Amino acid sequence: MDQTTLNFIVVGASFALYFGIAIWARAGSTSEFYAAGRGVNPVVNGMATAADWMSAASFISMAGLIAFVGYNNSSFLMGWTGGYVLMAMLLAPYLRKFGKYTVPEFVGDRFYSNSARVVAVICLIVISVTYVIGQMTGAGVAFSRFLEVSSTVGLLTASAVVFIYAVLGGMKGITYTQVAQYVVLIIAYTIPAVFISLQLTGNPIPGLGLFSNMSEGQAGAGTPLLVTLDGLLTDLGFNQYTTGNTPWLMALFTLSLMIGTAGLPHVIIRFFTVPKVADARWSAGWALVFIALLYLTAPAVGAMARLNIMTTMWPNGVEGEPVAVDDLPDWFRTWSATGLLGVEDKNGDGLIQYYNERSPAMQEMAAERGWEGNELVTFNQDILVLANPEIAQLPGWVIALIAAGGIAAALSTAAGLLLAISSAISHDLIKSVINPNISEKGELLAARISMAGAIALATWLGLNPPGFAALVVALAFGLAAATLFPTLMMGIFSKRMNAAGATAGMLAGLILTCAYLFTYLGIFFIPGTNLLENTAANYLFGIPPTHFGPIGALANFAVAYAVSSMTAAPPQHIQDLVESVRIPRGAGGALNK
Amino acid sequence: MAEKPHNNAYWAANIRLITVCLVIWALASYGFAILLRPLISGIAVGGTDLGFWFAQQGSILVFLVLIFFYAWRMNKIDKEHGVDE
């Protein structure tokens, strides 16, 4: 059986599983559609949250992001996990106690203002729609690489699959498919990692292998893996793996990702599905356990895969002859066909010289040894995860699992985002603002239609990406940090915060962050409309647009407190509401139909 | 809100606990892994220094312990103040 057929079978089997779950867990009421009836076990919710959270980018790209930069990009590891500490202590338990269905609903009720509600809906939609585009294109790419279909066909298939279980099951269907998707993606991620760690270091746990000595028979046997990696990198003119620069910018970026993570509405609403406040606290811990299984492994995958590729290019060490074109391993050829890896024998010596051609020392060495430039001309960061099973010489079904895992990571995050978007429309716009008298059945239908509409929009945007797909992370995290996180936190921790303050704060965070991003990245990210060139010399105090979240959040807090202190305190019933979200008693437990 | 003084003590206990946890949270990530890394660079771990280990493994493990500790401690504080369910 060839690899593509095997991939089809494994991916097809995973889809059949998701459909089976969708039929079993279809939603019969709005409570089930929005919050899975609040009957989800905290461990199960933790697993679903992990799948909800870990996107195509976490699964396919993060190891490469770390591997190509080294220490400095540890920001992604800390930022995308440390946000859960904020969520567990500052938001999740109180919002669960509030006991409604959406994030804008808390903002609207707590700040007794439909303007605040609508501003929150706008923030939520901007954050979630930008984020979902990346998931749809990610699913398309995963399909096209493994199943040999065009990425358009892949994207349409992904939309159809999400449509079936999200429209049918709402939060309830999404929760249980996310659990299945988590299992698929974590197995797919860890199996190749364990084998590679065993080969290189003899340690079966990749996170420990990263700090172990190289095994006998490997390059640099007996010395620590990271020393071997640093040595090879510096010999080839690259930056050291374990050293970094500008610590304050690294700290600011980490903070931006942490606050942004805690303010992402599609993750927050997952904590509305557990029966009690105490469960919401435990569930945040379980979510991080399941996330950590991947996040503790990712830096090892990145470092080990990068080392493997370098020793493949330089089998005799940097002093010896590099690999000959005819001796490249099979996996290298397979992945060259996809365009993620590419070699070009510039000096026609039949050998492939891979080095940093921008380093002056290397240019000298190249002149001495007759090299005419770096010959590994394409080296896509995604390759480090995608080619892992082949590098470790694992059987075909493991490769098929990576395909199913990549698709599961994209689908599970897309479904969570689509639910956040559709519930904001059907619950916060239709039920709360436009037609408060809508019946339960009418609202459930409106929720399903909103979901179908959100999927259609996401599909269209995925097919016609607005040219800023790569900047999605900066925008979504920056906005979540600058708008929703401060507003939600003040709603819980400040009894004095009133409608005018919260609305002004949210708008300040939204406008300031967008203005800063648009200045360097173009107005609405349209290329060529940026006011200043996107280079370090132009940044305000040297802060890149991707690091701006905490500044936007600070502006939100400052404006909110200033405006609130100049206007009247919130009415007594709102102050009582704040008292009530602060104590766990009376959260209501699981609801029956 | 007849139980107000009672709830105030409960809320103050929560804020104290959150403050302690967030100090440790910041120390493990912004501290040891980034800004204070030079101070602990003398401690070697598997071919590099302790700061690198905190950046790629240790901080995540500390976050995990913190969330579970907070949940456990807070559920006890709920009971002590009679606001659990």
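Table for the structure above
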{"item": "Cα→Cβ-extended label distance, 7 Å offset, between residue A:5 and residue A:160, nm", "result": "2.2 nm"}
{"item": "Per-residue [θ]222 nm for chain A (sum of -39500 (n - 2.57) over DSSP H runs n ≥ 4, rounded to 500)", "result": "-21000 deg cm²/dmol"}
{"item": "Mean separation of Cα contacts under 8 Å, 6 or more apart, over the residue count of the stretch B:11-80: relative contact order %", "result": "33 percent"}
{"item": "Extension gain from residue A:566 to residue A:115, taking 0.36 nm per residue of separation minus the Cα-Cα distance", "result": "160.5 nm"}
{"item": "Cα centroid separation - the stretch A:479-534 against the stretch A:296-332, whole Å", "result": "44 Å"}
{"item": "Kyte-Doolittle at least -0.5, axis length at least 30 Å by Cα - qualifying DSSP helices, chain A", "result": "A:3-24, A:114-147, A:151-201, A:396-423, A:440-463, A:499-521"}
{"item": "Local electrostatic count, residue A:334, Cβ distance below 14 Å [Lys/Arg +1, Asp/Glu -1]", "result": "-2"}
{"item": "Degrees between helix B:4-26 axis and first principal axis of chain B (Cα, 0 to 90, nearest 10)", "result": "10 degrees"}
{"item": "Listed pairs A:172/A:495; A:97/A:431; A:431/B:79; A:441/B:76; A:172/B:76 exceeding 29 Å between Cα atoms", "result": "A:172/A:495; A:431/B:79; A:441/B:76; A:172/B:76"}
{"item": "Near-label residues of the stretch A:60-74 by backbone N, under 15 Å of a point 7 Å along Cα→Cβ of residue A:240", "result": "A:70-72"}
{"item": "Average other protein chain Cβ within 10 Å of Cβ, residues A:356-363", "result": "0"}
{"item": "Between helix B:59-80 and chain B: long-axis angle, C-alpha atoms, 0 to 90°, nearest 10", "result": "10 degrees"}
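Where a number appears in this text, it was derived from the coordinates with a stated rule and is not lab data. This structure is a prediction, so every number in the text was calculated from the model and none was measured. Heads up, the Cβs are rebuilt from the backbone with ideal geometry, glycines too, and the neighbour counts pull from every protein chain shown.
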